[in-house]
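Encoded as structure tokens, the structure appears first; notes follow it.
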Amino acid sequence: MRGWRHHLHAHPETAFEEVRTSAFVAELLASFGIEVHTGLARTGVVGVIPGKAPGPWIGLRADMDALHVEEANQFEHRSRVPGKMHACGHDGHTTMLLGAARHLAETREFAGTVAVIFQPAEENEGGGRVMVEEGLFERFPIESVFGLHNWPGLPEGYFAIRTGPQMAAYDIFEITLTGRGAHAGMPHLGRDATVAAGQLVGALQTIASREINPLDALVVSVTQLHAGDTWNVLPENVVLRGTVRSFTPAVRDLAERRIREIAQGIAATFGIQAAVCYERRYPPTVNAPAPTQQAIAAATALVGAERVDLDPVPSMGAEDFAFLQQARPGAYIWLGAGPGASGCLLHNPGYDFNDEILSVGASYWVQLTRQLLPLDAAQHTGSAA
Ligand SMILES: [Zn+2]
Ligand SMILES: [Zn+2]
């Protein structure tokens, strides 16, 4: 698995362009004697592994895409592609599911069918949504789905999962303020959009701090400000872009409504125009009760109850596994990747997937399969308690 992981890390590919990665996955699955389906969401791959006896279908999902980050590492398996790297560990996720698939195909010690789902474009572009739209659950009668993400900051080989929201909904917005350009020494002859933009950045922060219940979670972050080209000209336009993170539909609706209203209000105050685009990207990642209990049982059987955190603080990060969970009951678990020393945090240019957890992650998939699809039902009764 280490070899596969290093190969994937050295050859990162981003959203919907995971051509080599997808071919690598498909070839390995075929070499394990697994029936392979390609082309779902362009570069997505599904392997179908029937067990020794008939039974229900389950889906195990990994993501394959890299990020637009220039890698700062110098080790042998560093990215060979300028401006792209596996900074979120999807190389490790793909590897662990490949390892599990090989074991499951060799042993087939389960009653039912496992679909191993390798999805493209988890970062930003919603490859999971596209797989669902292109018929993932119609082509494969999967009854429940399971996802996993490595988690720096959680001790190596620990697990963390909770019923209900585990990761936030993810939206983006763009606000264009249009004033009237003028000589910077004669501002009274124009309509200054930059002063309005300054007020707007501050005013947007009052949505989270003043308008929602303090015990609800909301982030409104302005992440881009674009205006002007020189020193002595008041620009006609200012573009602000940013992201919104929330957990509940009520908070999400409120954030969108207030961003629109505040932008219009600030524009009216300064006598300029505001155009607001608001786009809902990912729903929140919400763990369904039954699959979550099954995931907890598998993790506990593997590493012991003392290493399974059942009440982690949810993350304001987002996950497009949420789209799979909207279609079928599912559970998404974090696998501890260690302390995150020397910048080894998700999306950091110094990040590298921790190979020490490859075997734990692959074993989790195998354990989960055996518990969910027991060959001898009587023997396993109660094991999911
Ligand atoms: Zn990521
Ligand atoms: Zn990720």
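The values are calculated or read from the model by the stated rules, or taken from the named source; none is laboratory data. Because the structure is a prediction, the values reported are computed rather than measured. Every residue, glycine among them, receives a Cβ derived from its backbone with ideal geometry; neighbour counts consider all protein chains shown. For accessibility, only protein heavy atoms count, side chains too; no ligands or nucleic acids. Shrake-Rupley method; radii C 1.70, N 1.55, O 1.52, S 1.80 Å.
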Return a whole-number percent for the relative contact order of the chain, with Cα pairs under 8 Å and 6 or more residues apart as the contact set.
-> 24
Distance from the range 1-68 to the range 95-158 (C-alpha centre basis), Å | 9
Report Rg (one decimal) and Dmax (nearest whole number) for the range 169-282, counting Cα atoms only, units Å.
-> 15.0, 47
Per the 1.4 Å probe, what fraction of the accessible area of the chain, in percent, lies on carbon and sulfur atoms?
-> 53
Treating only Lys and Arg (+1) and Asp and Glu (-1) as charged, each at its beta carbon, one finds that the chain has a dipole about its Cα centre, in Debye to the nearest 20, of 400
Scattering profile of the chain at q = 0.10, 0.12, 0.14 Å⁻¹ [log10 I(q)/I(0), Debye over alpha-carbon scatterers] | -0.69, -0.92, -1.16
Given the peptides 351-364, 227-240, arrange them by the average over their residues of other C-beta atoms within 10 Å, most packed first.
-> 351-364, 227-240
Computed over the range 43-94, the relative contact order (Cα-Cα under 8 Å, seq sep at least six) in percent reads 37
Provide, for q = 0.14, 0.17, 0.20, 0.29 Å⁻¹, the log10 of I(q)/I(0) from a solvent-free Debye sum over equal Cα point scatterers in the range 268-319.
-> -0.58, -0.73, -0.88, -1.17
Rg/Rg_globular for the range 240-283, with Rg_globular taken as 2.2 N^0.38 Å and Rg from C-alpha atoms | 1.27
